[in-house]
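Okay, so here's the structure we're looking at.
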């Protein structure tokens, strides 16, 4: 048995040479690449259990967020029933929530949307789905601001015209909640799409990230086009863009959780 010593300190690895049947011990350098272990799992049982538990948590949060988003859409449709005196193309959602016979369903849609945003915020903050800690902090903060705006919208409905201090205060909180929700949602969707695009390794994921990032300016442009469409229709189309972006992000998280679970089971 001979010793071939290279620079650095490493563990001896037996290597069979063609000149001799006895193994030769080679000391690999500290920073040299070791031979790949074929046929063994790179992770131990404990790490595999942790990966499976993480995959289950991500799957649960993503599915819950998708269900809340779907419930928000159904509640919104239910809230538009039974109000012939109102127009869904001319009147805003706040007017329907305050005056429609089934306006409580629209308020329930706001709460359900806030829960879907909360699921997305938890996914981003706890499981680092966007690649970097900076992206995690930015999107989590914006999702929290959007949730706060939705809670204000649900708590303070649109006030009727009047100069009473209570009505003025109620309308002020309502407008503040609406502005907070819209601005935070636009920024969160744009940032999430940009981070997904930057961290994606496949062309399909890059296209999805670019699409999500583009839904934010599209929503802003639709809601700001005052002369092109009625106010109610513009608001509904802009909110639909934000809803689509939220669902796509939740589906991306669900797809990543399933892929991670399949890899853990394969190992």
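The values are calculated or read from the model by the stated rules, or taken from the named source; none is laboratory data. No experiment lies behind these values; they were computed from the predicted model shown. We place every Cβ from the backbone using ideal geometry, glycine too, and count neighbours over all the protein chains shown.
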Given the condition at pLDDT 55 or above, farther than 26 Å from residue 243 by Cα, under 35 Å from the mean Cα position of the chain (by Cα) and surrounded by fewer than 11 Cβ atoms within 10 Å (Cβ to Cβ), answer yes or no: does some residue in the stretch 28-44 qualify? yes
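Considering each of 233, 167 in turn, give the residue that is farther than 23 Å from residue 141 by Cβ and touching a residue at least 24 places away in the same chain (Cβ under 8 Å).
That would be 233, the only listed residue that is farther than 23 Å from residue 141 by Cβ and touching a residue at least 24 places away in the same chain (Cβ under 8 Å).
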Given the conditions (1) farther than 23 Å from residue 115 by Cα; (2) more than 17 Å from the chain's Cα centre (by Cα); (3) crowded, with 17+ Cβ neighbours inside 10 Å; (4) without any contact (Cβ under 8 Å) to a residue 40 or more places away in the chain, every one holds for residue 200 apart from (2)
Quiz item: Does residue 255 meet the test of being outside any helix (DSSP H, G or I) and either under 11 Å from the mean Cα position of the chain (by Cα) or closer than 29 Å to residue 58 by Cα (or both)?
Solution: no
Within the stretch 93-110, residues buried (at least 17 other Cβ atoms within 10 Å of the Cβ) and touching a helix residue (DSSP H, G or I) at 6+ places or on another chain (Cβ under 7 Å) come out as 93, 94, 96, 97, 100, 103, 105, 106, 107, 108, 109, 110
Would the stretch 65-72 turn up any residue that is touching a helix residue (DSSP H, G or I) at 6+ places or on another chain (Cβ under 7 Å), assigned to a loop (DSSP other than H, G, I, E, B) and either modelled with pLDDT of 85 or more or closer than 30 Å to residue 226 by Cα (or both)?
-> no
Listed by range, helices (runs of 4 or more DSSP H) wholly within the stretch 83-193 having at least 2 residues that are closer than 26 Å to residue 54 by Cβ and modelled with pLDDT under 90 are 103-127, 133-155
